[in-house]
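The structure appears below as structure tokens.
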Amino acid sequence: MALDWALSKPSARPERAAERLRAVRAFARHYIGIDPATEVPPTKLLPHRVRRRQPYLYTDDDVERLLARALCLPPQDGLRPWTYYCLLGLLSVTGMRLGEALRLYVTDVDLDQEVLTVRDSKFGKSRLIPIQALTRAALLQYRDRRDQLLQGRVQRHFFVSGRGTPLIPSCVHRTFYALLAQTGLFVVGDAQRPRLHDLRHRFAVRTLLQWYRNGEDVERRLPELSTYLGHTCIENTYWYLSAYPELMGHAVNRLEHRWEMTS
């Protein structure tokens, strides 16, 4: 019965059917405490492995065009262009998740110490993110512009609208997609549209590539990147090595060199 229900929508994707069966399995595990005769569907009844979508790797030119277009946004509230300019720039240079950036409080942005505090992000983890001098300067200009516009009105969030209200994720996505179209990075009909989250992938890949090109011990430094990104396990960071051909090439070359040294 559980399997029939999970497969009852022929048009559903395989992963959707697997999700439906997982819901039944979770309920059955709960109900078995009430009725010991309850049968829990086997975990391999509908095997499905989630495949990550191949991220879009933004070039430096892509990011510069996005930031330039952000500054051309209609200043509906006097702050909007600068808010999106700094928000997109921050995502690009820190690899933060969008939700983490939007949840930053004013007290989380310590521009004197050049460090951001990300609290209770995905999976309840918190971490510190150091920033560089240029990022600090951009955030400082935004803070001054924001405070001047709001005329001393107290707000909790660092990134806000011109009314001092927190940014709404759905509105941020809509604005970002509009910027994509204006810069020509996405044309209606394309098979795959770049995402905001791909800025996070860009940061990770660029960091790994820089380490490889500098001849650093990437395997030793990978936990640093994993911690910086807020990954719960290092396997999530290893994924980047296989996701991009150039990174995979560097890893293979490094491995072949080690084999030559030991043979």
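Of note:
- Pairs where the first residue, in the stretch 117-141, is in the same structural domain as THR83 (by TED's automatic domain parsing) and within 21 Å of TYR84 (Cα to Cα) and the second is aliphatic (A, V, I, L, M) and assigned to a helix (DSSP H, G or I), C-beta under 6 Å, 6+ apart: THR135/VAL93
- Looking across the stretch 168-177, just one residue is surrounded by 13 or more Cβ atoms within 10 Å (Cβ to Cβ) and either farther than 19 Å from LEU66 by Cα or at pLDDT below 95 (or both), and that is TYR177.
- One residue from ASP35, ASP62 being among the acidic types (Asp, Glu), surrounded by 11 or more Cβ atoms within 10 Å (Cβ to Cβ) and at pLDDT 80 or above: ASP62
- All positions within the stretch 83-113 that are crowded, with 21+ Cβ neighbours inside 10 Å, of a type outside the set (Ser, Thr, Tyr) and in contact (Cβ under 8 Å) with a residue 60 or more places away in the chain: CYS86, LEU87, LEU88, LEU91, GLY95, MET96, GLU100
The values are calculated or read from the model by the stated rules, or taken from the named source; none is laboratory data. Remember, predicted model here, so these are calculated numbers, not experimental data. In this analysis, Cβ positions are derived from the backbone assuming ideal geometry, glycine residues included, and neighbour counts consider all displayed protein chains.
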